[in-house]
Amino acid sequence: MDDVTVSQPGESITVIALHGEHDLGTASEMAVLLDDAISSSNLVVVDVTSAQFIDSSFLHNLVKAHRGAQTRGSRFVLQMGTARIVRRALEISGLLEELECASTRDEALAKATD
């Protein structure tokens, strides 16, 4: 996917940074990417800072990843951006209360040692 950047800034840490729009068209690929990251990392950070749009299929993938991380005993952190439409979708869905969130990359990565 051209609108996703995956990095590993530390041992057993995966950061998935999203750019552009994430909807039904990217849902299948995103599900596989998140599943792979959860199964191979102790901390997975999904950075929506540069995302311009997300829909319910993306929100569903976040919930699945969060639950997968809980089952595995790993951490799943959502790094928030400032795009109003993205923040609003997360607020309306109630996921901001369910998911562990961070404002910055440093804050998200610090969760690896919490």
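Listed conditions (1) within 17 Å of Ala110 (Cβ to Cβ); (2) at pLDDT 95 or above; (3) among the hydrophobic types (A, V, I, L, M, F, W, C) are all met by Met80, apart from (2).
Checked against the criterion of being farther than 20 Å from Asp106 by Cβ and among the charged types (D, E, K, R), the candidates Asp2, Asp47 yield just one match: Asp2. The residue that is nearest to the chain's Cα centre (by Cα), among those in region 65-88 that are among the hydrophobic types (A, V, I, L, M, F, W, C) and within 15 Å of Thr14 (Cα to Cα), is Leu78. Taken over region 5-62, the residue count meeting the criterion of being free of Cβ contacts under 8 Å to residues at least 12 places away in the same chain and β-branched (Val, Ile, Thr) is 1. Exactly one residue among Glu91, Glu97, Glu29 is over 13 Å from the mean Cα position of the chain (by Cα) and closer than 17 Å to Thr5 by Cβ, and that residue is Glu29.
Consider region 99-114 and keep the residues that are crowded, with 17+ Cβ neighbours inside 10 Å and of a type in the set (Gly, Ala, Ser). The one that is farthest from Gly81 (Cα to Cα) is Ala112.
The values are calculated or read from the model by the stated rules, or taken from the named source; none is laboratory data. What you are looking at is a predicted structure, and each value in this text was computed from that prediction instead of being measured. Positions of Cβ are generated from backbone atoms using ideal geometry, with glycine treated the same way; all protein chains shown enter the neighbour counts.
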